[in-house]
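To start, the structure itself, in structure tokens.
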Amino acid sequence: MPLSSVFAQTQGGSGSIYFSFNVDTAFVQFGINKTTIQKVANNDTLVVKNGFYHLHLSYPTNEDVYLTLNVLKDSLYEVSHEFDLNKNSIDLNSKNASIRYLIGGDLVALSDSNTKIKLEDSTIGEEFAIIDLEKNSAQKLSFQNPEYFSKHFQVSQDESVIFKEHYFHSENQSVTFLEFIPSISQFKRKEYVKTGLILGSLIASTSFFLKFQNKFSDKKAEYLSIRKQYLNADTESQALLLGDLMTEKAEKLKPHNLRRNLSLLGVLAVLGFDVYDKIRYKQKVSPPDQKKFELLLEPNFEQYISIGATLKL
């Protein structure tokens, strides 16, 4: 029910609700599906349309207290509640109407630097955004970073504030199939010189390996052919001749095998450097700093933090 129609006298009649709390200010959520949240001081009286109400009494460090109230015309009702002031943690992920009111939105989107946050293709912030979601409908939330592929989520309004996070630099980031290809990660990071060096080295070392592998295979085939003849020799003189030839082929096979192995080591070295560079880059980029987002929210909760409460994200 819209705020303007709830807290106003109408021709249909109205009643009054008197609120008594053990804190200076609390919050009252009216409704379940179509909700409004009102900041209410201790000993405040609200004038509302007569009707049946679902109420949630809310305070940042406490769980909401649910009750119902049937407000009749020209009647006064008292709602009294004592919150537990020994609780001193504000859980930003809890189902708490006062937290939604103080944050100022239904969803907090968090990401790393240089990331645009979009709702239905409209940019609403960079790195950090607070969003009001439409009721009863899913919307597309997008994180777009120029160095990575975009990430999309479907979000809809919930009873609690939604914290949707996506860090492109996170170690838990999902890796696409293309990123397993050498030099792709460097290309996506716009390190074009390094991309060219890795790709060129890989092509050259692979070409040499295939060339030397083919020559080795040919020489090995010749050696195996002579060896087969040696094993099937009919006379001792033929065996001696084939034995000398086999030894000669075996000696000639060694340099081809060495060149093949060295070229293979070159391929492995390039692949190893590519993997090392990916790992080094991930370690170089600092992990997401959750605390800085808490600091952005702290001004909204300054009154409660000053009396000893702490924010929990």
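The values are calculated or read from the model by the stated rules, or taken from the named source; none is laboratory data. Because the structure is predicted, anything quoted here is derived from the model rather than measured. Here the Cβ positions follow ideal geometry from the backbone for every residue, glycine too, while neighbour counts run over all protein chains shown. Just so you know, the surface numbers come from the protein's heavy atoms only, side chains and all, with ligands and any DNA or RNA stripped out. Shrake-Rupley method; radii C 1.70, N 1.55, O 1.52, S 1.80 Å.
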### Query
Residues in segment 77-98 that are among the aliphatic types (A, V, I, L, M) and at pLDDT 95 or above: how many?
1
### Message
Quick check on this structure: which one of LYS278, LYS312 is in contact with a helix residue (DSSP H, G or I) (Cβ under 6 Å, 6 or more places away or on another chain) and at pLDDT below 85?
### Response
LYS278
### Matching residues in segment 247-262 - criterion: being in contact (Cβ under 8 Å) with a residue 12 or more places away in the chain and more than 53 Å from the chain's Cα centre (by Cα)
LYS249, ALA250, LYS252, LEU253
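Counting only residues that are in contact with a strand residue (DSSP E or B) (Cβ under 8 Å, 6 or more places away or on another chain), in a loop (DSSP other than H, G, I, E, B), within 19 Å of GLU298 (Cα to Cα) and open to solvent by 80 Å² or more (accessible area, probe 1.4 Å), how many does segment 74-103 have? Quick ask: steps written out before the conclusion?
Just the residues of segment 74-103 that are in contact with a strand residue (DSSP E or B) (Cβ under 8 Å, 6 or more places away or on another chain), to begin with: 74-83, 88-93, 96-101, 103.
Those left that are additionally in a loop (DSSP other than H, G, I, E, B): 74-75, 82-83, 88, 92-93, 96.
Narrowing further to those that are within 19 Å of GLU298 (Cα to Cα): 88, 92-93, 96.
Now drop any that are not open to solvent by 80 Å² or more (accessible area, probe 1.4 Å), which leaves 88.
Looking only at that region, the number is 1.
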### Task
Given the conditions (1) in a strand (DSSP E or B); (2) open to solvent by less than 50 Å² (accessible area, probe 1.4 Å); (3) in contact (Cβ under 8 Å) with a residue 40 or more places away in the chain, report the number of the one that PRO60 does not fulfil.
(1)
### Task
Would you please list the contacts, defined by Cβ atoms under 6 Å and residues six or more apart or on different chains, that run from a residue in segment 193-218 that is within 18 Å of LEU262 (Cα to Cα) to a residue that is open to solvent by 40 Å² or more (accessible area, probe 1.4 Å) and assigned to a helix (DSSP H, G or I)?
PHE209/LEU264; PHE212/ARG259; PHE212/ARG260; GLN213/ARG260; PHE216/ASN257; PHE216/ARG260
### Query
Across segment 154-193, which residue is modelled with the lowest pLDDT among those that are open to solvent by 50 Å² or more (accessible area, probe 1.4 Å) and in a helix (DSSP H, G or I)?
PHE177
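Considering only segment 289-302, I want to know if a residue exists there that is part of a helix (DSSP H, G or I), in contact with a Lys or Arg (Cβ under 7 Å, 6 or more places away or on another chain), open to solvent by less than 50 Å² (accessible area, probe 1.4 Å) and modelled with pLDDT of 85 or more.
no
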## Note on the structure
Scanning segment 123-153 residue by residue, those assigned to a strand (DSSP E or B), open to solvent by 60 Å² or more (accessible area, probe 1.4 Å) and under 25 Å from ILE37 (Cβ atoms) turn out to be ILE124, ILE130
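Quick check: is even one residue across segment 105-112 open to solvent by less than 60 Å² (accessible area, probe 1.4 Å), touching a residue at least 40 places away in the same chain (Cβ under 8 Å), closer than 30 Å to SER20 by Cβ and over 23 Å from the mean Cα position of the chain (by Cα)?
Taking segment 105-112 first, the residues open to solvent by less than 60 Å² (accessible area, probe 1.4 Å) are 105-112.
When the remaining residues are screened for being touching a residue at least 40 places away in the same chain (Cβ under 8 Å), the result is 105-112.
Narrowing further to those that are closer than 30 Å to SER20 by Cβ: 105-106.
Among the residues that remain, those that are also over 23 Å from the mean Cα position of the chain (by Cα) are: none.
Looking through segment 105-112, none of the residues is open to solvent by less than 60 Å² (accessible area, probe 1.4 Å), touching a residue at least 40 places away in the same chain (Cβ under 8 Å), closer than 30 Å to SER20 by Cβ and over 23 Å from the mean Cα position of the chain (by Cα).
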### Message
Being of a type in the set (S, T, N, Q) and either surrounded by 14 or more Cβ atoms within 10 Å (Cβ to Cβ) or more than 60 Å from the chain's Cα centre (by Cα) (or both) is the filter here; which residues of segment 202-246 pass it?
### Response
SER205, THR206, GLN213, SER225, GLN229, ASN232, THR235, SER237, GLN238
### Query
Can we say LEU110 is closer than 30 Å to ASP64 by Cα, outside any loop (DSSP other than H, G, I, E, B), modelled with pLDDT under 90 and not acidic (Asp, Glu)?
yes
